[in-house]
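*Asks:* Just passing along the structure, written as structure tokens.
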Amino acid sequence: MGRYLNRDRAAIAAGLVAPLAAAAVLLPLRASWSNTDAALVLVVVVVGVAASGNRTAGALAALSAAAWFDFFFTRPYERFTIASSADVKTAVLLLVVGLAVSQLAVRARRLQVIAITDAGYLAQIHGAAELTQSARAAETVVDHVTAQLIDLLDLKGCRFEYGSLLGHPPRLEPDGTVMVGDHRWDVERAGLPADEIELRTFGNGQFYGRFMLQPKTGSKPSLQARLVAVTLADQAGRAFGASSAARGS
């Protein structure tokens, strides 16, 4: 996550500077290039900034490109005024197209990030499933899942309670929602509740226990992460179910 934050900060700086640098490179060609050609080159710069940054970086790049197009490539030169109505249209189109393509570039980047994240989640589920098949004791799977849940949900701790349902703590439901009493807790806005949260574990329809999740202050795991947590708890339940079946045979 830190790598993406650093890249975003660099892209915001590039959004301000890159269009000016491109305009400076194009300036010696002003007499031989049309204003439309210069605008198209600046659009390419906006796309490059947005593809490596975020929506803010793309918007800044589009605004910067339109401003420096006005300053360097429309008469009167070196002033933020435009005498020609055709140049006004070109500047406005540069701004609009720059904003539009920056949004498309940001969306493409977000889809890439989601795909990478999904691959990581699938690897965790696959690892727990493999351990469920190979482990001789369900407790081994429980320990493995406990460590996974701490990392996945950004917890300060997690423990497993065998076969008990004492009290009425907040609970993580199978659909990924968090319930506090009869009310749904808005994790995306408020983060996880400060109290321990239970995540119940079932195997072959039988209740075996619950993971007690201890959130960090301000932890806001995504719905996708919470659904993966439920799936991991299910793997522990399957391990308990397999152990019970083995003992009964």
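*Asks:* Projected onto the charge dipole of the chain (+1 at Lys/Arg Cβ, -1 at Asp/Glu Cβ, origin at the Cα centre), which of His126, Ser102, Ala22 gives the Cα projection farthest towards the positive end?
*Replies:* It is Ala22.
*Asks:* Would you mind telling me the share, in percent, of accessible area of the chain contributed by carbon and sulfur at probe 1.4 angstrom?
*Replies:* Carbon and sulfur atoms account for 61 percent of the accessible area of the chain.
*Asks:* Contact order normalised by length for the chain, with contacts defined as Cα pairs under 8 Å and 6 or more residues apart; what percent is it?
*Replies:* So the answer I get is 15 percent.
*Asks:* Heavy atoms of the protein only, probe of 1.4 Å, neighbouring chains included. What is the accessible area of Leu99 in Å², nearest 10?
*Replies:* Rounded to the nearest 10, the figure is 60 Å².
*Asks:* Quick check for you: with a 1.4 Å probe and neighbouring chains kept, what is the accessible area per residue of the chain, in Å²?
*Replies:* 54
*Asks:* From the backbone phi of region 172-179, what are the Karplus-calculated ³J(HN,Hα) couplings (6.51 cos²θ - 1.76 cosθ + 1.60, θ = phi - 60°) in whole Hz, Gly and Pro given as x?
*Replies:* Each residue's phi maps through the Karplus curve to give 8, 8, x, 8, x, 7, 10, 10 Hz.
*Asks:* Here is a further query. Hey, can you rank 191-203, 172-184 by average C-beta count inside 10 Å, highest first?
*Replies:* Averaged packing, sorted descending, gives the order 191-203, 172-184.
*Asks:* Pick out, from Gly58, Phe71, Gln214, the residue whose Cα sits farthest towards the positive end of the charge dipole of the chain, with +1 on the Cβ of Lys and Arg and -1 on the Cβ of Asp and Glu.
*Replies:* Value: Phe71.
*Asks:* Oh, and also: With a/c under 1.5 counting as rounded, go ahead and sort region 168-249 into rounded, prolate or oblate using the C-alpha gyration tensor (a ≥ b ≥ c being the square roots of the eigenvalues; past the cut-off, prolate if a/b is larger than b/c, else oblate).
*Replies:* It comes out prolate by the Cα gyration axes.
*Asks:* Continuing with this model, one more query. Name the most mobile residue of Thr231, Thr81, Thr56, meaning the one with the largest mean-square fluctuation, in a Gaussian network model of the chain with Cα contacts below 10 Å.
*Replies:* Thr81
*Asks:* By how many nm would the segment from Leu165 to Asp37 lengthen if fully extended, with 0.36 nm per residue of separation less the alpha-carbon distance?
*Replies:* Length gained between Leu165 and Asp37: 39.1 nm.
*Asks:* In addition: Hey, got the dipole for the chain? About the Cα centre, +1 on K and R Cβ, -1 on D and E Cβ, debye to the nearest 20?
*Replies:* Dipole of the chain, to the nearest 20 debye: 440 debye.
The values are calculated or read from the model by the stated rules, or taken from the named source; none is laboratory data. Computed from a prediction, not measured in an experiment: that's the story for all the values here. Virtual Cβ from ideal backbone geometry, glycine too; neighbours counted across all protein chains shown. We work out accessible area using only protein heavy atoms, side chains counted, and drop any ligands, DNA or RNA first. Shrake-Rupley method; radii C 1.70, N 1.55, O 1.52, S 1.80 Å.
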